[in-house]
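> Next up is a structure, given as structure tokens.
The values are calculated or read from the model by the stated rules, or taken from the named source; none is laboratory data. Worth saying up front: this structure is predicted, and the values here are computed from it rather than measured. Heads up, the Cβs are rebuilt from the backbone with ideal geometry, glycines too, and the neighbour counts pull from every protein chain shown.
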Amino acid sequence: MEKNICEILSSAKNICVVGISDKPDRDSGRIALFLQSKAYQLSGVHPIVKKVDTIPVYLSISEVPGQIDILDIFLNGDRLPSILEQILTVKPKCVWLQLGVHNDKFVAEVEKNNIPVIQDCCIAIEYRNCSNAGNLGN
């Protein structure tokens, strides 16, 4: 399912980061804070962390209130099947698998349910690329 990355980033308002971390050396927390600084509404999902700076963190995707525009996932590709059912229930507008996250079978299953997927791609890098090209409304 092909959809323009800049279009996805431009139309999104609510981003949920699965695997968000409050450890300063982890990309998931740093990227969430970067996206928040660009006026996106952020939430996170983590089994232990409750908050990252001002970003609320929930135990599961199902607990995140409201529509999720982009579900940004920082999990090992082998762990993706464990959240598939929640994703199909919540129906985010887009599932984004961060750089290094691969699982073609998972991607096929999500796309079969008409949810676009971006795989193995850093949302912060793509935001900068779109912004530099003048393709964002943010």
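> Any chance you could count how many residues in segment 11-55 are touching a Cys at 6+ places or on another chain (Cβ under 7 Å) and not aliphatic (A, V, I, L, M)?
Pass one, segment 11-55, residues touching a Cys at 6+ places or on another chain (Cβ under 7 Å): 43-45.
Filter again for not aliphatic (A, V, I, L, M), leaving 43-44.
Here the count works out to 2.
> Quick test for you: out of Ile123, Ile115, pick the one residue that is among the β-branched types (Val, Ile, Thr), modelled with pLDDT of 95 or more and under 13 Å from Leu9 (Cβ atoms).
Among Ile123, Ile115, only Ile123 is among the β-branched types (Val, Ile, Thr), modelled with pLDDT of 95 or more and under 13 Å from Leu9 (Cβ atoms).
Residues are listed down the side, and each one gets a yes or a no for (1) modelled with pLDDT of 95 or more; (2) buried (at least 17 other Cβ atoms within 10 Å of the Cβ); (3) farther than 18 Å from Ile115 by Cα; (4) in contact with a Gly (Cβ under 6 Å, 6 or more places away or on another chain):
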position	(1), (2), (3), (4)
Val18	yes, yes, no, no
Lys23	no, no, yes, no
Phe34	yes, no, yes, no
Leu42	yes, yes, yes, no
His46	yes, yes, yes, no
Ile61	yes, yes, no, no
Gln67	yes, no, no, no
Leu71	yes, yes, no, no
Ser82	yes, no, no, no
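> Take segment 3-39 and flag every residue that is touching a residue at least 60 places away in the same chain (Cβ under 8 Å) and in a loop (DSSP other than H, G, I, E, B).
Scanning segment 3-39 gives Lys3, Ala12, Lys38, Ala39.
> Tell me whether segment 101-112 contains one or more residues that are in a helix (DSSP H, G or I), in contact (Cβ under 8 Å) with a residue 60 or more places away in the chain, buried (at least 17 other Cβ atoms within 10 Å of the Cβ) and within 16 Å of the chain's Cα centre (by Cα).
Among the residues of segment 101-112, not one is in a helix (DSSP H, G or I), in contact (Cβ under 8 Å) with a residue 60 or more places away in the chain, buried (at least 17 other Cβ atoms within 10 Å of the Cβ) and within 16 Å of the chain's Cα centre (by Cα), which makes the answer no.
> Let me ask another. When you check Pro56 against the structure, is it free of Cβ contacts under 8 Å to residues at least 60 places away in the same chain, over 24 Å from Ser131 (Cβ atoms), outside any loop (DSSP other than H, G, I, E, B) and touching a strand residue (DSSP E or B) at 6+ places or on another chain (Cβ under 8 Å), yes or no?
yes
> Is there a residue being of a type in the set (Asp, Glu) and touching a residue at least 12 places away in the same chain (Cβ under 8 Å) anywhere in segment 72-86?
Yes: segment 72-86 contains one or more residues that are of a type in the set (Asp, Glu) and touching a residue at least 12 places away in the same chain (Cβ under 8 Å).
> Looking at segment 39-50, is at least one residue basic (Lys, Arg), on the phi < 0 side of the Ramachandran plot and touching a helix residue (DSSP H, G or I) at 6+ places or on another chain (Cβ under 8 Å)?
The answer is no, given that none of the residues of segment 39-50 is basic (Lys, Arg), on the phi < 0 side of the Ramachandran plot and touching a helix residue (DSSP H, G or I) at 6+ places or on another chain (Cβ under 8 Å).
> Can we say Lys93 is within 24 Å of Ser37 (Cα to Cα) and either surrounded by 13 or more Cβ atoms within 10 Å (Cβ to Cβ) or β-branched (Val, Ile, Thr) (or both)?
yes
> Would it be correct to say that Leu75 is in a loop (DSSP other than H, G, I, E, B) and either modelled with pLDDT under 95 or under 15 Å from Gly29 (Cα atoms) (or both)?
For Leu75, the condition - in a loop (DSSP other than H, G, I, E, B) and either modelled with pLDDT under 95 or under 15 Å from Gly29 (Cα atoms) (or both) - is met.
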